[in-house]
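What follows is one structure encoded as C-alpha cells, with my remarks underneath.
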Amino acid sequence: MLAALSLIAAGILLRQADRIHFAHRAPHTAPAAELLALQRIRANNLTPALLLAGQWTQITGWWLLVPHHPALATAAALGVAVQLRHLQEISHHAIHGVLARTRRANHLLAETFAHHPLGLVPVELRHQRHVRDHHRAATLTGDSNLTDLHQAGLRPGITRARFALALIRPLTPAGAAATLTTLTHDLRGHHGRQAALLAVPAAAYLAAGWTGVIAGWLVPRLLLYPLLAWWSLIVEHTWFDPEHRTGTQAHIEAGRCLRLYPRNRTLAVVVAATWLPYGDLHHYAHSAHPGLRWNYLPALERHLPTPHFNPRGLALGPNTVATRHHQALNAPETIKAGLR
C-alpha cells in the first residue's frame, strides 16, 4: 500500500516540473503573440519527458493498489482511465508540435508514451486526421468527428432514450464492440505496436496479477477511458447548431465552440484534473490558436471574446451541453435537413 501511494505521489511530483517551467511568471491574460513568444523561449525536451514519465509512474502506483481491496481496485480502474485520458491529451499537443522543442521529439514522445502503449494510430496519421482535417472543418460536413457522432446515433429526430444511450455509448455493447473494432483495425499490420500494447497488461500482471490486468488495464482501456474521451468530444463544439461566421479565427471559433463551467470554479478544477485535462477545458482557445501550449490557454481565453454557448454542466438541467445537443437534433429544420 505504501509503495503504491508513494509511486502515485512521485508521479504527481514528476509532472510538476513541466508545469512550473512553463507557468513561471506567465501573464494572467495576454494576446496570442505574447504567449507564443514566451512558449518558444521555454520550449524544451526534458520537462515533457518527465511529464509523460510521471503519468506512467502514477499508473504503476494504481496497479499496485489493485490487490489490496475491491474498493481500491475500483478506484484504480478509474485512476488508470484518467491517466490514459491525460496521455491522449498530452499527445494531442505533441501532434500540434507544442509539447516539446522539436518535431522529432514531439513525435517520439507521443509514440513512445501514448500511441504505442495505448494502441493508437501512428502520429503522422493522427496529425493528418486532426490537425489538417478536423481543425479546418470542425462542425462542417466532412469533419470525421461529426461523422463519429452521427455513427453513434446522434442524428436528427433522436429520441430521449436513444440520446441518453448515445451519451454513454462506450459503455454499451455496441460502443464496446466499436472500441475493439477500431483498436484491431489500427493495430493490423503494425507488429511493433501490437507488442507495445501487449507489454502494458503484462506489466500490470507483474504488478498485481490477473486482477491487475482486468481492473488496471482492460476495464480502463476498453471502457472507462473511451467514455472520458467520448465526453470530451461531445463538449468540444455545438456540433448540431453552430453559428457559421466569417472573420478572424477567434470569431469563427466563438460561433462553434463552447466553454463548460465558466462560472463554477470547483467543477472546472475537477474536470480539468480528470476528463478535460491539459487545456481541453479551454478547447475554444485551442481552436482559435492551435499552436499554443495548454499552459497558456487560460490566459489567452481571458483575452478572447466569449464563445456563443457557456453551459453550466454536461447533462443535468436546462443549460447543459446534452440539452442543447438534443434540442438542436430535434429542431424542425434539423429534422428536415436530416431526412433529405
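The values are calculated or read from the model by the stated rules, or taken from the named source; none is laboratory data. Remember, predicted model here, so these are calculated numbers, not experimental data. Heads up, the Cβs are rebuilt from the backbone with ideal geometry, glycines too, and the neighbour counts pull from every protein chain shown.
Table for the structure above
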read-out: Hits in the stretch 274-287 - residues which are touching a residue at least 60 places away in the same chain (Cβ under 8 Å) and not in a loop (DSSP other than H, G, I, E, B); value: ASP280, SER287
read-out: Residues that are closer than 28 Å to VAL270 by Cα, of a type in the set (Val, Ile, Thr) and modelled with pLDDT under 95, drawn from the stretch 83-141; value: VAL131, THR139
read-out: Subset tally (residues that are farther than 25 Å from PHE113 by Cα and not polar (S, T, N, Q)) for the stretch 22-46; value: 14
read-out: Residue within the stretch 240-258 that is assigned to a loop (DSSP other than H, G, I, E, B), small (Gly, Ala, Ser) and surrounded by 22 or more Cβ atoms within 10 Å (Cβ to Cβ) present; value: no
read-out: Residue satisfying condition, being within 23 Å of ASN45 (Cβ to Cβ), hydrophobic (A, V, I, L, M, F, W, C), touching a Gly at 6+ places or on another chain (Cβ under 9 Å) and surrounded by 15 or more Cβ atoms within 10 Å (Cβ to Cβ), within set VAL98, VAL123; value: VAL98
read-out: Pair list, Cβ < 8 Å and 6+ apart or interchain, from the stretch 1-30 residues that are within 17 Å of GLY279 (Cα to Cα) to residues that are aromatic (Phe, Trp, Tyr); value: PHE22/TYR296; ALA26/TYR296; ALA30/TYR296
read-out: Residues of the stretch 186-201 classified as closer than 18 Å to LEU7 by Cβ and either more than 23 Å from the chain's Cα centre (by Cα) or aromatic (Phe, Trp, Tyr) (or both), total; value: 0
read-out: Any hit, the stretch 160-169, residues being in contact (Cβ under 8 Å) with a residue 24 or more places away in the chain, outside any helix (DSSP H, G or I) and either farther than 25 Å from TRP56 by Cα or under 21 Å from the mean Cα position of the chain (by Cα) (or both); value: yes
read-out: Residues of the stretch 290-303 satisfying the condition of being surrounded by fewer than 22 Cβ atoms within 10 Å (Cβ to Cβ) and part of a loop (DSSP other than H, G, I, E, B); value: PRO290, GLY291
read-out: Qualifying residues in the stretch 1-54 (those that are among the β-branched types (Val, Ile, Thr) and assigned to a helix (DSSP H, G or I)) - the one surrounded by the fewest Cβ atoms within 10 Å (Cβ to Cβ); value: ILE41
read-out: Number of positions in the stretch 110-159 that are in a loop (DSSP other than H, G, I, E, B) and not polar (S, T, N, Q); value: 15
read-out: Only listed residue being in a helix (DSSP H, G or I), modelled with pLDDT of 95 or more and more than 30 Å from GLU333 (Cβ to Cβ), chosen from GLY209, GLY192; value: GLY209
read-out: Checking THR306 against (1) touching a residue at least 40 places away in the same chain (Cβ under 8 Å); (2) β-branched (Val, Ile, Thr); (3) within 30 Å of ALA75 (Cβ to Cβ); (4) surrounded by fewer than 19 Cβ atoms within 10 Å (Cβ to Cβ), the condition it does not meet; value: (3)
read-out: Of the criteria (1) within 22 Å of the chain's Cα centre (by Cα); (2) within 24 Å of HIS134 (Cα to Cα); (3) free of Cβ contacts under 8 Å to residues at least 60 places away in the same chain, which one TYR261 fails; value: (2)
read-out: Single residue of LEU223, LEU267, LEU227 found to be modelled with pLDDT under 95, part of a helix (DSSP H, G or I) and either farther than 15 Å from SER287 by Cα or of a type outside the set (Asp, Glu) (or both); value: LEU267
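Residue-by-condition table, conditions (1) under 18 Å from LEU224 (Cα atoms); (2) touching a Leu at 6+ places or on another chain (Cβ under 7 Å); (3) not in a helix (DSSP H, G or I):
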site	(1), (2), (3)
ALA76	yes, yes, no
ALA94	no, yes, no
ALA100	no, yes, yes
HIS107	no, no, no
